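Peer 1: Right, I'll just put the structure down here and ask away after.
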Amino acid sequence: MLVSETYYVGGYWGSRKEGAEECAKRFERFLKGLTATDSSLARWYETARTLEASLKRPLRPVHDELTRVIRKNRDPVFENLGFHIGGWNGEAKAHEDCGFLIRCGSYDARTVNRCVFNLPRPGTSAAHVLSASVMANMLRETAVAWEPDWGVAMSDDHRDKVEAGRIARSPYVGWVTYLAQHRGTVPPLPAPVRIEKVEDRGTLIVLTPERFTASNPEHLALAEQVRELLDREGLLNPLHVEP
């Protein structure tokens, strides 16, 4: 049984009223960007009840096709909750697949739009995805396409360790963190942290070139140091959502 830390990548943004055409345009750019990120992220299928059914529903970066997919995935009860889309990369081996869940176009003031990836497990043949470069590029393509307020690539263990002290809906500071430009300017950060601009959208912050693990006290200390520096500059304010 695999017991290593599991990881995810997610981008989050607030109320944004967008129709199927607008979301399809973003979705198309998103899929095209992932194609250049890693070969395992180049082909996607819409999630379905069975693997066989999913494989019959390819998600191609074709605007008209994606518009139809998005329209049929509108919230069935509340229009203001937007659209919900699930994708799977077609890898059938246990723990080696990758998928995403997207909520977009929601303009309900209490909900959060998001694009979240579940990733392969460490120790599998697909574990190469769990590298700083690939995860940073996944977050970059998410930022370019969906324009989230913030995003993160981190382990579930790390998230659980910092959850208790986190203000609700504020950005996590993980292995890779994305902060939108409107949040402010990222200050100089200590080595080995790397800072990268994402077009005119925002900034990526990569804590370490090697895999970040919550079992490494040095990694946790670095993440906390960077979190304090960012918070001091007012960059980690909570995403505004109506109570």
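Peer 1: Would you work out which of Ala20, Asn113, Trp150 lies farthest towards the positive end of the dipole of the chain? Charges go on Cβ: Lys and Arg +1, Asp and Glu -1.
Peer 2: Ala20
Peer 1: Let me ask something else. Listing His128, His182 from the residue with the fewest other Cβ atoms within 10 Å to the one with the most, what is the order? Display every interim value, and only then the final one.
Peer 2: Details: His128 13, His182 8.
Placing the least packed residue first, the sequence is His182, His128.
Peer 1: Helix-only mean residue ellipticity at 222 nm, the chain, DSSP H runs n ≥ 4 weighted -39,500 (n - 2.57), per residue, nearest 500. What is it?
Peer 2: Value at 222 nm, helices only, nearest 500: -9000 deg cm²/dmol.
Peer 1: Same structure again: Could you let me know the centre-to-centre spacing of the stretch 41-67 and the stretch 99-139, using Cα atoms, in angstrom?
Peer 2: 17
Peer 1: To the nearest 10 degrees, how steeply does helix 217-232 sit against the main Cα axis of the chain, on a 0 to 90 scale?
Peer 2: 80
Peer 1: With Kirkwood radius over Cα pairs in Å in mind, check (1) 18.4; (2) 17.7; (3) 19.2 and report the label derived from this structure.
Peer 2: Read-out taken from this structure: (1).
Peer 1: I would also like to ask the following. Mean separation of Cα pairs under 8 Å and 6+ residues apart, divided by the residue count of the stretch 7-232: what relative contact order is that in percent? Display every interim value, and only then the final one.
Peer 2: On the way: 445 pairs, mean separation 47.9, N = 226.
That works out to 21 percent.
Peer 1: Turning to a different aspect of this structure: Work out which GluC sites (Glu not before Pro) in the chain are exposed loop sites (DSSP not H, G, I, E or B, at most 15 other Cβ within 10 Å) and give the longest gap free of them. Write out the running numbers ahead of the final one.
Peer 2: Details: sites that count: Glu199, Glu210, Glu233.
It works out to 1-198.
Peer 1: Report, in debye and to the nearest 20, how large the dipole of the stretch 1-63 comes out about its Cα centre when Lys and Arg carry +1 and Asp and Glu carry -1 on their Cβ.
Peer 2: Charge dipole of the stretch 1-63: 220 debye, to the nearest 20.
Peer 1: I'd like the orientation of helix 132-146 relative to the chain: the angle between its Cα long axis and the longest Cα principal axis, in ° from 0 to 90, rounded to 10.
Peer 2: 60
Peer 1: Something else: How long is the stretch 111-197 along each principal axis, judged by its Cα atoms, biggest number first, in Å?
Peer 2: 39, 29, 29
Peer 1: Give Lys32/Lys161; Lys32/Lys56; Lys56/Lys161; Lys93/Lys197; Lys25/Lys56; Lys56/Lys197 a once-over and call out the pairs whose C-alpha atoms are over 30 Å from each other.
Peer 2: Lys32/Lys161; Lys56/Lys161; Lys93/Lys197; Lys56/Lys197
Peer 1: Roughly how many debye, to the nearest 20, is the charge dipole of the chain about its Cα centre, given +1 on each Lys and Arg Cβ, -1 on each Asp and Glu Cβ, and no other charges?
Peer 2: 520
Peer 1: While we're on this one: How tilted is helix 63-72 with respect to the longest principal axis of the chain? Cα atoms for both, answer in degrees (0 to 90, nearest 10).
Peer 2: The angle comes out at about 90 degrees.
Each value in this text was obtained by applying a stated rule to the coordinates, not by laboratory testing. Not measured: the values here are computed from a predicted model. Cβ: placed from backbone, ideal geometry, glycine included. Neighbour counts: every protein chain shown.
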